[in-house]
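The block underneath contains the structure these notes are about, expressed in C-alpha cells.
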C-alpha cells in the first residue's frame, strides 16, 4: 500500500480546517451548555418569583382578615350576642358580619366566621359553604391555645375535606380563656391570580386529586419549549397542602440562541477561510516563491552555461534575481553560521563535538594520540560585572586572537560558552600538549587594551589525552574539566588529568557547590593567625588572619578550596564581612594583654570593586571600638592588575581612612611600575615561591634582593613570606628585608594559641 504523505501546503490547510471544525464543535457544545444553564436559571428564577408573589398574596389576605376580625370583635352587637350565649343569635350576628366582609374587606376573601369557647366548642358560625360546618382547622385553634402563644392568635393554611383554607384566629378577650374568633378564607382564587401578575399560566394541584385551577393557555405552553417552576405550600407539620406550578415559554430564548449559534458558526467558518487564505498567501510568498526563484536561477544558470543565452533571457521575468553564485554563497554563510560562535568567530560546541567524534572514530580505525585542552579565563566574571558585557565581549575577542596565534592550522579552537574554550590537538602527546598550554598562558602575560581599560587576563588549562583519558566526547571533556580544577591551584595554571584524583575532585566540587550556606554564620568557619615579625628586633609587626572551613566530616579546607566558590555564588561580601567582624572581635580580646597589636586581612578582588567596602570596614571598627591603625589590608598583585584603575580608587578610600595597605604575593602578577608607584600602599610582601628556596636557587635570591631594593627606593617596606629556615632568615636580614613570616616562626594558630604564643614566645623571638 502506498504510504500517505502530506506536503507543507496540504498539511497546513488540513490543520486549519481541523481547527475550524473543532472550533465549530466547541461552539455547538458551548451553545448547548448555555441553553441548559439558561433553562435552569429560568426555572429557578420563576420559582423564586412564584414564591415571593404567593407569600405576598397570603400575607395580604391574612392581614385583611385580621383587621376585619378586630372590627367584628369591637362591634357592640357581636359582644351582646356573645354575652347572651344564644347560639342562634350569635350565628345571625356572624352571618351579618360575613355579608359586610364582602363589602368592607373583599381582598380578604372571607368565606366563614366561627366562634369557639375555651374548650374549642363551637358557639356560633356563619359560612358561604356547606363544607365549613363544624370546627375548621382544629390544629390552628389548638395552636392559638398553646402555652407559648399568650396572645391567643394564630394563622395559617389547612385543609378541611378536599378544600384548602386560610384561617386567622383571634382571642375573644384579653386571654385565651374567653374563646376564639376564627376567620376562614378561600385562598385558591387569589393564588390562581398569581399567574396574571407573573404573566405566566399557572396550575394549582392538591396532593391528591385533580387540579383545582388551570390557567388558559397552560396546555399550549407546556407542550412547547417551556420550563415548569413549582412552589409548594405546606402545613405546620410539613404536610403538602398545594403545589403551585408556573409554566414559562422559552421559544423566544431558543430563537435567540439559535440566531447566536448561527452567527458564531458563520464567524468560525469565515475565520477558518480567512486563515486558509492567509496560509496560502504566506506559503506562496515565503516558500513557493523562493523555491521558484531558486529553480529559475538554477535553470537560467544551466542555460547560460550551455550557451543558450536567448533562452535564459526568455526566462527573465523583468526582475533582477539574485545570482546562482550568490545563493551558493548564502548557503555557505548559513552553513558557517551553524558551526561558528557568533561573537568570537571560533567554532561552536556543535562543531567541536562533531570533530571529537570524528577523531574518536579515526582513532579506533588507526590508533593515534590526541590532546583536548579545556581553557577557562580566571576572574573573567569581574570584567562583565564591573565593566559590562560589551567590554567583556571585546576582551574575549582579543583573548581568542592570542590563542589562535599559537595554534597550528590542524588544531581546532572552539568556544563552549561564556569564558570557556576548548582546543583539539591531533597527533599530540602529553609533553607537546603541556608545551602548547604554556604558550597559551605566556600569550596572556601582556595587558589587553579594551576601550581605555588596561586589563589582564590569565587562564587555567586542563588537559585530557585520548585514548588514555577517554574514548568518547563526554568522558574526554569531563576529565579535561577535572584537570582544569587542579590547574586552578597551580602556577603556571595548567595540569594533565590524573585518574587517581578524579573521585576526590568530583566529591569536592559537589560538596563545595552546595555546602557553603547562604547564612555564613551557620558554616563552621574560623580564623587562624600567622605572626609577621620585624626582622631586626624580632618584635611582632602584625598577625595575618587566615580563614579555614572545617567540614562535618572533619576535613579542613584551605581558602583556595572555597573562596572561588564564594565569589561565583555571590557570597564573597558576606564572607568578607564575617572575616572582618570576627578578626576585630578576636583582636579586641588579644589587645587586652597586648596593646597596640594589629591584624592583617586579605581582601578578595571581588570585594575590591564594592564601593561600600569602606563603610563595611568602618562599621566593624565602630562596633568593636577599634582604631584604623589596628588593621592592615593585603591585596594580591594579580588582583590589582586585573583592573588597576578601579582598584586604586577603592584603595585610596581605605588609605584616606588611615588603614595600612600591602601588596601580597608580589612578583607573580606582572606589575607595571607605573601602577605600583600610584598605588597608595605601604609595603610589599614577596611571594613564598621566590623566598622558600633562596638558598638553593640563585635566580630566586636575586629576584628577592632586587624586589627589596625596588621597594625601598619607592619608600615601601618589604615582608618576605615562606621563611622556613634559619639560613633564609639570615639571607633576608643581610638583604635589608624589613619583616618576615613563615613556618620558621610557627604554623598558623587559633586565637587561644596566639594568646599563649604572645605570652610565652616574645623573648625567644627577640633573640633570633
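No lab work stands behind these numbers, since they all come straight from the coordinates. Being a predicted model, the structure only gives us computed values, none of them experimental. Counting neighbours? That spans all protein chains shown, and the Cβs are built from the backbone with ideal geometry, glycine included.
With each pseudo-label sitting 7 Å past Cα toward Cβ, what's the residue 589-residue 262 distance in nm, one decimal?
It is 9.3 nm.
At q = 0.09, 0.13 Å⁻¹, what log₁₀ I(q)/I(0) does a Debye calculation on the Cα points of region 53-249 give, no solvent, two decimals?
Calculated log10 I(q)/I(0) at the listed q: -0.37, -0.70.
May I ask you to derive the relative contact order of region 53-249, considering only C-alpha pairs under 8 Å and at least 6 residues apart, and to give it as an integer percent?
So the answer I get is 17 percent.
Starting from 0.36 nm per residue, how many nanometres of slack lie between residue 349 and residue 70 once their C-alpha separation is accounted for?
90.1 nm
In percent, how large is the relative contact order of region 150-241, given Cα pairs closer than 8 Å and 6 or more residues apart?
Once divided by the residue count of region 150-241, the mean separation gives 20 percent.
Could you work out how far the C-alpha centroid of region 158-227 sits from that of region 388-464, in angstrom?
Comparing the Cα centres of region 158-227 and region 388-464, I get a distance of 101 Å.
In nm, to one decimal, how far is the residue 550 label point from the residue 389 one, both placed 7 Å along Cα→Cβ?
With each label placed 7 Å out from Cα toward Cβ, I get 4.4 nm.
Roughly how many whole Å is it from the C-alpha centroid of region 24-54 to that of region 64-93?
With region 24-54 and region 64-93 each reduced to a Cα centre, they are spaced 53 Å.
Arranged by the count of other C-beta atoms within 10 angstrom, fewest first, what order do 497, 41 take?
41, 497
Calculate, for residue 404 and residue 41, the FRET efficiency according to 1/(1 + (r/R0)^6) with r their C-beta to C-beta distance and R0 60 Å; round to the nearest 0.05.
Working: r = 77 Å, r/R0 = 1.28.
Result of the calculation: an efficiency of 0.20.
Please arrange 708, 339 by how many other C-beta atoms lie within 10 Å of their C-beta, fewest to most.
339, 708
For 99, 609, what ranking results if the residue with the fewest other Cβ atoms within 10 Å of its Cβ goes first?
99, 609
Could you give the nm distance between label points at residue 88 and residue 17, where each point is 7 Å from its Cα heading toward the beta carbon?
If labels sit at residue 88 and residue 17, their model points lie 10.0 nm apart.
Return a whole-number percent for the relative contact order of region 358-451, with Cα pairs under 8 Å and 6 or more residues apart as the contact set.
39
If I take all pairs of Cα atoms in region 14-115, what percentage of them are more than 15 Å from each other?
74
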